[in-house]
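The values are calculated or read from the model by the stated rules, or taken from the named source; none is laboratory data. The model shown is predicted, which means the values in this text are computed figures rather than measured ones. Cβ placement follows ideal geometry from the backbone for every residue including glycine, while neighbour counts extend to all protein chains displayed. Quick note on the areas: whole protein, heavy atoms, side chains included, nothing else; ligands and nucleic acids left out. Shrake-Rupley method; radii C 1.70, N 1.55, O 1.52, S 1.80 Å.
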Amino acid sequence: MAISLTQQEKQILRTISIPPRPEALVEFSQETKSAEPDISKITKILQSDVAISAAILQVVNSAAFRRAKEIESLDQAIMILGLKRLIPLVKAVAVKATVETPKSLENFWADQSDIAQLCTALCNKLNKPALANHAYMLGLFHTVGIPLLCVHFEDYQTVLDCAKTQGWSRACAFEFEKYNTSHATISALLAQQWKLPKPMINVIYYQHDVSGIFQSGELDSLSLELLSILKLARHGNFLTQVAGALDIDEEWQTISDEVLDFVGLTEEELEELYSDLESA
């Protein structure tokens, strides 16, 4: 399913700067697609971008990867993770290192990192380890349009305030009414420009258009799996934010029954799952 833009959105997007892939990421992608990727060359490419290489080491040594011994170099990270697992991770940390983030969003990446790590943990708990790395990338990428819009529109804080007090379901409607576009669309366009897997782009694009999404046929089975993991992670993150202004996660209420049916969990089993993850 292609990203569909209104004429108003097309006009707005001509003025919004979507950052291109960093040169190191372009070179990395080219080398990993070769018949026989050269590991030493890949290491040099990643080392050429200090922000990306530092972010990779930070992530692989995080709780989500649970390493008994700290990984101290990119060589170690590549040898231990392997290219298949490294590719989505590199793309994920590159976006964090590349996208300009205003001071008003000083906690933005910390929050997205929490969601990304929770995505990974949920995949492992739900016996879907093959999805873990792409789910991590989705968790970090899915709202990247927020800082881009925050930089472009001086009054975007009103959308963030709405999300904080009324939830993202209502904030998304307010956002589109105010700007004729959404952070989901901007996020999907960046993901498309950065050549993320198509199922991931579709999940990002439809992340808030969730009413009936499991029966609509808009998303394939892989996309629905990733969407389910993302929604579970966002809800789990919501539950940990005890100081938040919202008492009820309306976004989760809208889609919880469909997600739980899809992953085969009851509400009691979900509570137990969150409890296990919190105590791990």
Could you pull out every one of the helices (runs of 4 or more DSSP H) wholly within the range 66-179 that has 1 or more residues that are under 17 Å from the mean Cα position of the chain (by Cα)? 83-98, 108-125, 132-141, 145-152, 168-179
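If you check Asp209 against the conditions, is it farther than 26 Å from Leu149 by Cβ and open to solvent by 40 Å² or more (accessible area, probe 1.4 Å)?
Numbers: farther than 26 Å from Leu149 by Cβ: no; open to solvent by 40 Å² or more (accessible area, probe 1.4 Å): yes.
For Asp209, the condition - farther than 26 Å from Leu149 by Cβ and open to solvent by 40 Å² or more (accessible area, probe 1.4 Å) - is not met.
Out of the range 212-244, which residues are charged (D, E, K, R) and surrounded by 15 or more Cβ atoms within 10 Å (Cβ to Cβ)? Talk me through it step by step, then tell me what you get.
Applying the first criterion (charged (D, E, K, R)) to the range 212-244 yields 218, 220, 225, 231, 234.
Matches in the range 212-244: Glu218, Glu225, Lys231, Arg234.
Which one of these is touching an Asp or Glu at 6+ places or on another chain (Cβ under 8 Å), within 23 Å of Glu250 (Cα to Cα) and buried (at least 17 other Cβ atoms within 10 Å of the Cβ): Ser169, Ser113?
Within the list Ser169, Ser113, the selection yields Ser169.
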Kindly indicate whether any position in the range 84-94 is within 19 Å of Ala24 (Cβ to Cβ), basic (Lys, Arg), surrounded by 21 or more Cβ atoms within 10 Å (Cβ to Cβ) and at pLDDT below 90. yes
Taking the range 182-205 and keeping only residues that are in contact (Cβ under 8 Å) with a residue 60 or more places away in the chain and within 22 Å of Arg170 (Cβ to Cβ), one is left with Thr185, Ile186, Ala188, Val203, Ile204, Tyr205
Residues of the range 16-56 classified as under 22 Å from Gln192 (Cα atoms), in contact with an Asp or Glu (Cβ under 7 Å, 6 or more places away or on another chain) and exposed (fewer than 13 other Cβ atoms within 10 Å of the Cβ), total: 0
